[in-house]
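Trainee: Encoded as structure tokens, here's the structure I'll be asking about.
The values are calculated or read from the model by the stated rules, or taken from the named source; none is laboratory data. Note that this is a predicted model, so its numbers are computed, not measured. All Cβ positions, glycine included, derive from the backbone under ideal geometry; neighbour counts span all protein chains shown. Remember, those area values only see protein heavy atoms, side chains included, never the ligands or the DNA or RNA. Shrake-Rupley method; radii C 1.70, N 1.55, O 1.52, S 1.80 Å.
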Amino acid sequence: MDHSGHGMTMDLPPFTLGRGLAWSADPFFLVACLLGLALYGYGVVRLVRRGDKWPVGRTVAFGTGVLSIGLMMCTALNDYGMVMFSVHMVQHMMISMVSPILILLGAPITLALRALPPAGRGRKGPRELLLMLLHSHYMRIVTHPVFTIPLFIASLYGLYFTPLFDFLMGSQVGHIAMMVHFLAVGLVFFWPIMGVDPGPHRPGHLMRMLELFAGMPFHAFFGIALMMASTPMITTFDNPPGSLGIDALSDQNAAGGIAWAFSEVPSVLVLIALLFQWYASDQRQAKRQDRAAERDGDRELQAYNAYLASLNTPGR
């Protein structure tokens, strides 16, 4: 991998799916993914050992989400993503829109709160610190739609259409920071909308749908802008290595098509998850109301029986 000019250039053969999936691990993401899986697995084991249950679906969702990050960053897709705009866009869309949804469906915060032991009275352990963070003013800000929606939009237009993207792509550290940013933006955007974990900002289901659809059109417009551009717009990808056998403009148009298509896929996934959560919430509410009605009916029946009994007492 040679560092030159505005970015990284490398001599790669023409892209195929087989070549893209070849093992080529980024050390940072490899360690982060393994650590995330290990900590989640440790939490599940702790619950099971003390006799508590943890839904298998959540474990599968979290594991799939972490593995999807590993697939993007620990294979040759990461190498091709440094010189091909289309492959980079697949990485971006997966890490910012698919991986966060799967990770959030795994409810890692709920798992941590249930698995971490409470500290003694007057002490602050990891569980107490996590609760403090969840209830902090900072978390109320970063999970509010007034913050998350502009951040989601700025991560596209403010990054790709300014010199910041070329600057970050010019170093390995900058590239890692950008991918971590994509993941973080996806997590804070989707968490209030469809996350299972508790959070400081959790509106009603209808409002969550509105938040989801408020950001997606801007995502689609971004993809359309790349598809309709008549010249390469990103300096990093305007001169791909000859060994790839690709045209910069055609590759950019493909990247735009990928961005446009991905704006639909997460919307469908989140909408399905929201509808299931809405239905489950209504079912729980109905059960609570039924139990309350039964208790009220029992109390009324007991009061009526007591009244009848009082009529039979001597002197009445």
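Trainee: Among the residues that make up segment 76-84, is at least one of them within 19 Å of Val268 (Cα to Cα) and open to solvent by less than 10 Å² (accessible area, probe 1.4 Å)?
Mentor: no
Trainee: When only residues in segment 247-270 that are open to solvent by 50 Å² or more (accessible area, probe 1.4 Å) and among the aliphatic types (A, V, I, L, M) count, which is modelled with the highest pLDDT?
Mentor: Val268
Trainee: Ok, one more. Consider Lys53 against the criteria (1) part of a helix (DSSP H, G or I); (2) modelled with pLDDT under 95: it satisfies all of them except one. Which criterion is unmet?
Mentor: That leaves (1) as the condition not met.
Trainee: Further question on the same structure: Can you tell me which of Ala119, Ala107 is free of Cβ contacts under 8 Å to residues at least 40 places away in the same chain, of a type outside the set (Val, Ile, Thr) and surrounded by 12 or more Cβ atoms within 10 Å (Cβ to Cβ)?
Mentor: One residue alone meets the criteria, Ala119.
Trainee: Output the number of residues of segment 230-246 satisfying the condition of being open to solvent by 20 Å² or more (accessible area, probe 1.4 Å) and part of a loop (DSSP other than H, G, I, E, B).
Mentor: Going through segment 230-246 one residue at a time, the tally reaches 10.
Trainee: In addition: Pairs under 8 Å by beta carbon, first residue among the acidic types (Asp, Glu) in segment 247-261, partner assigned to a helix (DSSP H, G or I), six or more apart or different chains?
Mentor: These pairs meet every condition: Asp251/Phe85; Asp251/Ser86; Asp251/Phe237.
Trainee: Filter segment 157-182 for residues that are in a helix (DSSP H, G or I) and in contact with a Gly (Cβ under 9 Å, 6 or more places away or on another chain); which is most open to solvent (accessible area, probe 1.4 Å)? Steps first, answer last, please.
Mentor: Our first condition is that a residue be in a helix (DSSP H, G or I); within segment 157-182, this holds for 157-160, 164-169, 172-182.
With in contact with a Gly (Cβ under 9 Å, 6 or more places away or on another chain) added as a condition, the list becomes 164, 166-169, 175.
Values: Leu164: 82, Asp166: 32, Phe167: 152, Leu168: 31, Met169: 1, His175: 0 Å².
For segment 157-182, the residue satisfying everything is Phe167.
Trainee: Something else about it: Might you check whether a residue that is within 16 Å of the chain's Cα centre (by Cα) and farther than 13 Å from Leu212 by Cα occurs anywhere in segment 154-161?
Mentor: If we filter segment 154-161 for residues that are within 16 Å of the chain's Cα centre (by Cα), which is where we start, we get 155.
Next, only the ones that are farther than 13 Å from Leu212 by Cα stay: 155.
Yes; the residues of segment 154-161 include at least one that is within 16 Å of the chain's Cα centre (by Cα) and farther than 13 Å from Leu212 by Cα.
Trainee: Going through segment 244-278 one residue at a time, which ones are among the aromatic types (Phe, Trp, Tyr) and in contact with a Phe, Trp or Tyr (Cβ under 9 Å, 6 or more places away or on another chain)?
Mentor: Scanning segment 244-278 gives a single hit, Trp260.
Trainee: Mind listing just one residue for me: the one in segment 131-147 that is open to solvent by less than 40 Å² (accessible area, probe 1.4 Å) and outside any loop (DSSP other than H, G, I, E, B) and, of those, nearest to Ala38 (Cα to Cα)?
Mentor: For segment 131-147, the residue satisfying everything is Leu134.
Trainee: Does segment 191-229 hold any residues that are among the small types (Gly, Ala, Ser), assigned to a loop (DSSP other than H, G, I, E, B) and closer than 19 Å to Thr143 by Cα, and which are they?
Mentor: Within segment 191-229, Gly195, Gly199, Gly204 meet the criteria.
Trainee: For segment 183-224, which residues satisfy the criterion of being aliphatic (A, V, I, L, M), over 16 Å from Phe152 (Cβ atoms) and surrounded by 16 or more Cβ atoms within 10 Å (Cβ to Cβ)? Walk me through it before giving the result.
Mentor: The first filter runs over segment 183-224 and keeps only residues aliphatic (A, V, I, L, M), leaving 183-185, 187-188, 193-194, 196, 206-207, 209-210, 212, 214, 216, 220, 224.
Next cut, over 16 Å from Phe152 (Cβ atoms) only: 196, 206-207, 224.
Selection gives Val196 alone.
Trainee: Among Met89, Met94, Met73, which is touching a residue at least 12 places away in the same chain (Cβ under 8 Å), closer than 27 Å to Ser267 by Cα, in contact with a helix residue (DSSP H, G or I) (Cβ under 6 Å, 6 or more places away or on another chain) and open to solvent by 20 Å² or more (accessible area, probe 1.4 Å)?
Mentor: Going through Met89, Met94, Met73 in turn, the sole match is Met94.
Trainee: Can you run down the residue pairs with Cβ atoms below 9 Å, 6 or more apart or on separate chains, where the first is in segment 31-44 and farther than 11 Å from Pro108 by Cβ and the partner is not in a helix (DSSP H, G or I)?
Mentor: Cβ pairs passing all conditions: Cys33/Cys74.
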